[in-house]
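The values are calculated or read from the model by the stated rules, or taken from the named source; none is laboratory data. For clarity, every value in this text was computed on a predicted model and none was experimentally measured. Neighbour counts are summed over all protein chains in view; Cβ atoms, including those assigned to glycine, are modelled from backbone coordinates with ideal geometry.
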Amino acid sequence: MNDDPQSPFRHAHEDIETARTIPDTPQTRAQSYRLAFADGDFLCRPELRPLRLQLELLKPEMTMAEAGIESTIVMFGGARIPAPANRDAARTETLADLSRHYVQAQDFARAVTERSLRSGGRQDVIVTGGGPGVMEAGNRGAAEAGGRSIGLNVVLPHEQAPNEYVTPGLCFNFHYFAIRKMHFLMRARAICVFPGGFGTLDELFETLTLIQTGRMERVPVLLFGGDFWRDIVNWQALADAGTIAPDDLGLFRFVETAAEALEAIDTWPGAGTRRHHIPGRHSGDGE
């Protein structure tokens with residue numbers, strides 16, 4: 001990326017290049033002599049955490065804005081769910097059966113991207129976590145449609161390169177989970193959640209909490225595979241216990257197919273509006 005061509009001052013890149021050619025002396029070898037913005041050790045100090053948080057927010061935000069990404073369709077789901085061709089290698093029979101959701105995710109992403117391309121490809125761009133499983137299926141479906149897709153990876157001790165279907169210029173890597181979550185939701189027009197594990201549950205419930213509390217506008221939250229989700233979470237029991245309001249059960253919907261999901265996105269009640277009170281809660285109630 002070029003520095004500001006309108007600036008009368010020397011560009012930062014120029015000084016970085018000049019600093020590489022200075023004489024080698026005890027003074028120039030000292031860490032204190034390094035340019036602050038080119039000193040990785042300095043930037044990683046604990047005191048610089050606020051700056052690192054800001055940089056992780058800014059870099060993807062600026063890149064997506066420059067790429068003309070106006071809105072996204074988010075796809076969450078398990079990294080362990082295999083493609084049908086690999087279902088025999090799945091660790092459990094249940095996991096092998098869930099391979100059908102790889103196909104559903106792929107079909108959904110392809111359909112969303114085809115529709116997005118008809119209107120210029122700037123809206124409803126598929127975004128995933130950039131990894132394997134359902135994430136790979138989402139990026140793959142977008143690539144098969146000839147469109148772009150985003151991958152938001154995070155550094156994990158055991159992890160993987162991004163899947164091969166993410167658009168290279170829209171592939172990002174994060175240190176902070178919190179900033180990564182912000183980027184999932186900042187442009188989201190719908191949240192589509194496929195079967196998964198802790199990470200998928202975390203992303204789902206954080207999204208529902210933001211919408212429930214009015215911290216985020218209402219968007220479609222679609223749970224693919226109703227049988228899986230009803231087995232994993234007793235949603236009605238939460239409402240019966242009073243820990244959520246009956247109205248909160250309307251914040252999400254179960255879907256089974258790409259066509260059903262697209263229809264739900266197009267007809268979602270209250271999309272783009274924000275709650276101004278939490279049903280079942282009164283001002284002054286404790287958390």
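Counting only residues that are more than 14 Å from Glu217 (Cα to Cα) and either among the charged types (D, E, K, R) or exposed (fewer than 12 other Cβ atoms within 10 Å of the Cβ) (or both), how many does segment 251-272 have?
Final tally of qualifying residues: 6.
Scan segment 276-283 and tell me whether some residue there is modelled with pLDDT of 95 or more and either closer than 24 Å to Ala105 by Cα or assigned to a loop (DSSP other than H, G, I, E, B) (or both).
If we filter segment 276-283 for residues that are modelled with pLDDT of 95 or more, which is where we start, we get none.
There is no residue in segment 276-283 that is modelled with pLDDT of 95 or more and either closer than 24 Å to Ala105 by Cα or assigned to a loop (DSSP other than H, G, I, E, B) (or both).
Only one of these conditions is not met by Asp88: (1) charged (D, E, K, R); (2) in contact with a helix residue (DSSP H, G or I) (Cβ under 9 Å, 6 or more places away or on another chain); (3) touching a residue at least 24 places away in the same chain (Cβ under 8 Å); (4) in a helix (DSSP H, G or I). Which number is it?
Every condition holds for Asp88 apart from (3).
Please tell me if Leu249 is without any contact (Cβ under 8 Å) to a residue 60 or more places away in the chain and closer than 20 Å to Leu98 by Cβ. Spell out how you get there, then give the answer.
Working: without any contact (Cβ under 8 Å) to a residue 60 or more places away in the chain: yes; closer than 20 Å to Leu98 by Cβ: no.
No; evaluated as a whole, the condition is false for this residue.
Just give me the residues in segment 175-187 being surrounded by fewer than 20 Cβ atoms within 10 Å (Cβ to Cβ) and outside any helix (DSSP H, G or I), in sequence order.
His175, Tyr176
Quick check: is even one residue across segment 99-112 surrounded by fewer than 24 Cβ atoms within 10 Å (Cβ to Cβ), of a type in the set (Ser, Thr, Tyr) and either under 17 Å from Phe228 (Cα atoms) or free of Cβ contacts under 8 Å to residues at least 24 places away in the same chain (or both)?
Yes, segment 99-112 has at least one match.
Which of the residues belonging to segment 175-191 are within 11 Å of the chain's Cα centre (by Cα) and of a type outside the set (Phe, Trp, Tyr)? Walk me through how you get there before you give the answer.
Residues of segment 175-191 within 11 Å of the chain's Cα centre (by Cα): 177-188, 191.
Ala178, Ile179, Arg180, Lys181, Met182, His183, Leu185, Met186, Arg187, Ala188, Ile191 - these are the residues of segment 175-191 that are within 11 Å of the chain's Cα centre (by Cα) and of a type outside the set (Phe, Trp, Tyr).
Taking Ile16, is it without any contact (Cβ under 8 Å) to a residue 60 or more places away in the chain, of a type in the set (A, V, I, L, M) and outside any helix (DSSP H, G or I)?
In short, no.
Condition check: of a type in the set (A, V, I, L, M), free of Cβ contacts under 8 Å to residues at least 40 places away in the same chain and touching a Ser or Thr at 6+ places or on another chain (Cβ under 8 Å). Does Val166 satisfy that? Before you say what the answer is, go through the steps one by one.
Numbers: of a type in the set (A, V, I, L, M): yes; free of Cβ contacts under 8 Å to residues at least 40 places away in the same chain: yes; touching a Ser or Thr at 6+ places or on another chain (Cβ under 8 Å): yes.
When the stated conditions are applied, Val166 passes them.
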